[in-house]
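The values are calculated or read from the model by the stated rules, or taken from the named source; none is laboratory data. Fair warning: this is a prediction, and the values are worked out from it, not measured in the lab. Backbone-built Cβ (ideal geometry, glycine too); neighbour counts: all protein chains shown.
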Amino acid sequence: MELIRPELVCPAGTPAALKSAVEAGADCVYVGYRDETNARNFPGLNFSRKELEEGIAFAHDHGAKVLVAINTFPRAGTPELWHQAVDDAARLKADAVILADIGLIAYAAAKHPDLRLHLSVQAAASNPESIRFYAERFGVQRVVLPRVLTVQEIAALNPQIRPVETEVFVFGGLCVMAEGRCALSSYATGQSPNMNGVCSPAAHVRYVDTASGTKSQLAGFTINQFGHGEPAGYPTLCKGRFVANGKTSYLFEEPTSLNTLAMLPDLIKAGVTAFKIEGRQRGRAYVAAVVQAFRAGVDAVMAGRPLPDMDLDRITEGGRQTTGAYERAWR
Amino acid sequence: MTEAQYRSGAKPMTPPFSPVLLLGLALKPLRPAVLQPVFDAMLRVVRKRHPDILERMEPFQDKVVCVDPVDLPFVLLLEPNMAEPRLTVRRAVDPDESHATIRGPLETLIALAEGKVDGDALFFSRQLVIEGDTEVVVALRNAIDGAGIDLIADLTSMLGPLANPARRVADATIETMSHLRANVETLRQALIAPAMAGAAARDARLAELEAEVKALRKANRRGHA
C-alpha cells in the first residue's frame, strides 16, 4: 500500500509564530482573528486582517498554506461577525477555513463555493454517517477528528469516508470532554470555548501564593494547589484537583500533553492526511521546537528511517506526556 | 509580594546562583534613577521597532505591570499606555502600585522577551511566577512574543554608525557571560559540596534505618502470628 505523505498543520497565534512555523517546516499554518470567532480568543493573541494578508503572502512565498479557524458557534441572531470572518478569509485567499457551526458551514458553502472547507474538531464528527453528511451536503473536504478514537478506529474510518480527508492531533493540550459541547468553563466563568473562544479565560484566573505553594483559582473557585517546585498545568476545571470520597486527586484529567511522535508510523499507515499540532496560545519557541520534531519525524517515516529521538518534555503541560485515546492504555 | 517582603526588600522567589546575581549584588548601591535613562532609551527603541506590542496591549492601556528580575536589586514598572508608555526602574514597589507581577531570573525574562523560551513551559516548570491580573500578563506575553524582539539588534540599532562595533561588543559580552556562568557553576558546586556530602551521608543512614525498621516490623508480625 502506498503511504500518503501527511501534511503538518501547525499553530500560530501571532505573525512571528507563523514565520517560525513555516521556517521550521510546516506544510500548513492555522490561525485565527483577534475576536470571538475562533477557539483561542486570548488577550494579545491572533491576527488582524492586515497581519493575515501578510502572513498568507509569506506562507505562500515559502510553499506553505494558511488555514483560518472560525470555529466557534455564532450567537443566535447575530451571525454577522462570523459571516464577515468567512468572507475575509475568502477575500484574503486563505487556503481553507476550519468551521464547526453547521449554519456557518452552509453560509460558506453557498457564498464561497470555491473556498475549501475543513470541519473543526469542535463539530465532534467522529462517525462515517456524520462526516459523510457534512461532505455530501456542504462539500467539506477534511474533518479534524475528535481526540476520542484509537488508531485502529481511525484506520477503519478512513476507507468509509473517502475522498474526505482526516486530520488528527499529534501533539499538545488535550480536551477530555465532548469537543464543542463542554460547559465546564461556562459554569464557572460564564464564558466557554464554544461561544466565546475561551476556556478558563485569563481574566478569571488568579494565582495565589501560600505557605505550601501556589493556589490556582478560576472565578474565585480554588481548582488546584501546587507544592513548591511541583509542575503546574493550565487552570481549567477539567484539570483541577478535587476532594472526592476523602481523597484528593485529578478527577477528570491530569495536566499532561499529547505526544504521538512514537506513533507516527501507525498514524501514517492508518491513512491520515494531516497531522495537527495544538497550541496557538503558545510562544514561538514552542512552535519551532514541536514543528521541527514532527517535521523530522514525518520525514524519517516517509524515508523509511528510524524515528529521531526528540525530547519535548520541557514544553509539555505538567512535564508529562500521553498518547491519549490513540492507544487507550488505561483499558 | 507580601507587605512584609516589600518592607524587607527580600524577593519572594529564590534567585539562582548566577553571574547576574553577583552583578546584582554589585549594583545594589546604585540608585535606580541612575539606570532610568537606559530604560527610557530601551522603551523608545522598542516602541519604534515594534509598535505592534502597544497595539496588542491597547485594551490594557491603564494597567501597570511589575517585572521583577529576582536576581537584581531592582524591579521595572511597565505602563503600556499607547500615547505615553513608561518603563520605570524602582528599588521595590508597593503591592498596590501594580495590577500584575511577572517574576523570574533576568536571563529567563530576557529569553522570554526574545521568544527563545515558551512562557507556558516556564510557568508549568515554575521557573516563572505570575501574580495579580492574569489577563494583562497573558496579553503582554503574547504581545512581546509576537513582536519578534532581538534585544541586542534593537538596542544597537539606535547607535547609528556605531551599531556594528556595539554588536561585536555585545557578542563578546555574551560569550564572557557564558564563561562566567560556567565558572560560577563551579563555584556553586564547591560551595555546596560539604552540604551535599552531609546530605548523602544522612540519606544513606536514613535508608539503613528504614531497612532496620522494616526488618523489625516483619519480625514483630512473625512473633504475633
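Matching residues to (1) closer than 27 Å to A:Val143 by Cα; (2) in contact (Cβ under 8 Å) with a residue 24 or more places away in the chain:
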| position | (1), (2) |
| --- | --- |
| A:Ser192 | yes, no |
| A:Ala211 | no, no |
| A:Gln225 | no, no |
| A:His228 | no, no |
| A:Thr236 | yes, yes |
| A:Asn259 | yes, yes |
| A:Leu264 | yes, yes |
| A:Phe275 | yes, yes |
| A:Arg282 | yes, yes |
| query | Does A:Lys276 qualify as being modelled with pLDDT of 90 or more and buried (at least 20 other Cβ atoms within 10 Å of the Cβ)? | reply | yes
| query | Looking at B:Leu54, is it surrounded by fewer than 20 Cβ atoms within 10 Å (Cβ to Cβ), modelled with pLDDT under 90 and part of a helix (DSSP H, G or I)? | reply | no
| said: Being more than 14 Å from every other protein chain (Cβ to nearest Cβ) and part of a loop (DSSP other than H, G, I, E, B) is the filter here; which residues of region B:63-81 pass it? | reply: B:Val64, B:Asp71, B:Leu72, B:Pro73, B:Phe74, B:Asn81
| message | Can you confirm whether B:Leu128 is more than 14 Å from chain A (Cβ to nearest Cβ) and hydrophobic (A, V, I, L, M, F, W, C)? | response | no
| remark: When region A:19-41 is checked residue by residue, the ones that are under 17 Å from the mean Cα position of the chain (by Cα), modelled with pLDDT of 95 or more, within 14 Å of another protein chain (Cβ to nearest Cβ) and more than 16 Å from A:Ala89 (Cα to Cα) are A:Ala21
| said: Quick check on B:Ala92: is it surrounded by 13 or more Cβ atoms within 10 Å (Cβ to Cβ) and either within 14 Å of another protein chain (Cβ to nearest Cβ) or assigned to a strand (DSSP E or B) (or both)? | reply: no
| task | Scan region A:140-176 for residues that are out of contact with any Phe, Trp or Tyr (no Cβ under 8 Å at 6 or more places or on another chain), more than 20 Å from A:Leu104 (Cβ to Cβ) and part of a loop (DSSP other than H, G, I, E, B) and jot them down. | result | A:Val148, A:Arg162, A:Pro163, A:Leu174, A:Cys175
| remark: For helices (runs of 4 or more DSSP H) lying entirely in region B:115-225, having 3 or more residues that are over 30 Å from the mean Cα position of the chain (by Cα) and among the hydrophobic types (A, V, I, L, M, F, W, C) picks out B:163-224
| field | Residues that are touching a Ser or Thr at 6+ places or on another chain (Cβ under 7 Å) and more than 17 Å from B:Ile102 (Cα to Cα), drawn from region A:205-218 | value | A:Leu218
| task | For residues that are among the polar types (S, T, N, Q) and buried (at least 18 other Cβ atoms within 10 Å of the Cβ), scanning just region B:133-164, find the one that is farthest from the other protein chains (Cβ to nearest Cβ). | result | B:Thr156
| note | Picked from region A:282-310 (must be within 14 Å of chain B (Cβ to nearest Cβ) and in contact with a strand residue (DSSP E or B) (Cβ under 9 Å, 6 or more places away or on another chain)), the residue surrounded by the fewest Cβ atoms within 10 Å (Cβ to Cβ) is A:Ala293
| remark: Given (1) away from chain B (no Cβ under 14 Å); (2) under 24 Å from A:Lys239 (Cβ atoms); (3) part of a helix (DSSP H, G or I), A:Arg328 misses just (3)
| note | Of B:Ala121, B:Ala111, the only residue that is of a type in the set (Gly, Ala, Ser), within 14 Å of chain A (Cβ to nearest Cβ) and surrounded by fewer than 20 Cβ atoms within 10 Å (Cβ to Cβ) is B:Ala111
| query | Tally time: how many residues in region A:286-321 are closer than 18 Å to B:Arg141 by Cβ, free of Cβ contacts under 8 Å to residues at least 24 places away in the same chain and among the small types (Gly, Ala, Ser)? | reply | 0
| Out of region A:46-82, which residues are touching a Lys or Arg at 6+ places or on another chain (Cβ under 7 Å) and within 13 Å of chain B (Cβ to nearest Cβ)? | A:Asn46, A:Phe47, A:Ser48, A:Phe58
| query | For B:Pro105, are the conditions met, namely being within 30 Å of A:Val208 (Cα to Cα), more than 14 Å from chain A (Cβ to nearest Cβ) and at pLDDT 80 or above? | reply | yes
| request: Those residues that are within 14 Å of another protein chain (Cβ to nearest Cβ) and in a loop (DSSP other than H, G, I, E, B), I need them from region B:28-51; list them, please. | output: B:His50
| said: Can you tell me which residue is nearest to A:Ala76 (Cα to Cα) among those in region A:95-129 that are small (Gly, Ala, Ser) and surrounded by fewer than 15 Cβ atoms within 10 Å (Cβ to Cβ)? | reply: A:Gly103
| query | If you check A:Pro231 against the conditions, is it within 14 Å of chain B (Cβ to nearest Cβ), modelled with pLDDT under 90 and either part of a strand (DSSP E or B) or surrounded by 20 or more Cβ atoms within 10 Å (Cβ to Cβ) (or both)? | reply | no
